[in-house]
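Here the structure comes first, spelled out in structure tokens, and everything after it is commentary.
Every number in this text was worked out from the coordinates using simple rules, so none of it is lab data. Worth saying up front: this structure is predicted, and the values here are computed from it rather than measured. Cβ placement follows ideal geometry from the backbone for every residue including glycine, while neighbour counts extend to all protein chains displayed.
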């Protein structure tokens, strides 16, 4: 992963030094990621739905775009209605636990044909994934939480490689295109929780949670569909 980062930074600096800025491109994606490789072997089949937004900076003298890609997703939610969360209190309470994923990536795209009707591209990204699990206890869905905390959080460095294509939309102007993209991600090892990994043990003292952590690199394939707008600040 260190070699990948060095190559990425070298290319970024090289093209940034010799090129003039042309304009900015912005867009948003709906993404679906499925576990592969070691992650699938250790944690089983997992699905990470996310939304993401990106802003890219295109160079005038090279078919290169660089920028940032930020994403967020909720990859599992579990509701339990229990009467044993607090000693001596038997009213039914709602225990909601959500699993979140936040991603931040530096992106670089190479466009083989910049003036074509259909615009293919190759992409590489480097950044980090942050996963955390948060719970809240409420009397009803509309009440303020009686208790709220983060069960666990961890992050991992990651890189992605992929390819995609942009297709013009006939009912919009030429600066707006539909984009399809597929990427593969690998990361350093991370410890995280999924939907069924936390168990409440009411008979342990005042009640305790048991955590069965998943471990491994975040290796997954991501399929994305979205909208991209050229010269977004024009």
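Assorted remarks:
- Most mobile of 126, 220, 171 in a GNM of the chain (Cα contacts under 10 Å): 171
- The long axis of helix 2-18 is offset from the longest Cα principal axis of the chain by roughly 40 degrees.
- Dividing the mean sequence gap of close Cα pairs (under 8 Å, 6+ apart) by how many residues the chain holds gives a relative contact order of 21 percent.
- Which label in (1) 14.3; (2) 16.0; (3) 12.8 gives the computed mean projected area of the Cα convex hull in nm²: (2)
- Helical runs (DSSP H, four residues minimum) scored at -39500 (n - 2.57) apiece and divided by the length of the chain put the mean residue ellipticity at 222 nm at -3000 deg cm²/dmol.
- Residue 233-residue 189 FRET efficiency (beta carbon distance; Förster radius 45 Å; 0.05 resolution): 0.65
- Remark: spin-label model distance residue 113-residue 77 equals 4.3 nm, labels positioned 7 Å along the Cα→Cβ axis.
- Estimated at 0.36 nm per residue, the fully extended path between residue 225 and residue 172 surpasses their Cα-Cα distance by 17.4 nm.
- Whether region 141-199 is rounded, prolate or oblate, judged on the alpha carbon gyration tensor where a/c under 1.5 counts as rounded: oblate
- Equivalent ellipsoid of region 98-212: semi-axes from √(5λ) of the C-alpha gyration tensor, largest first, are 43, 19, 10 Å.
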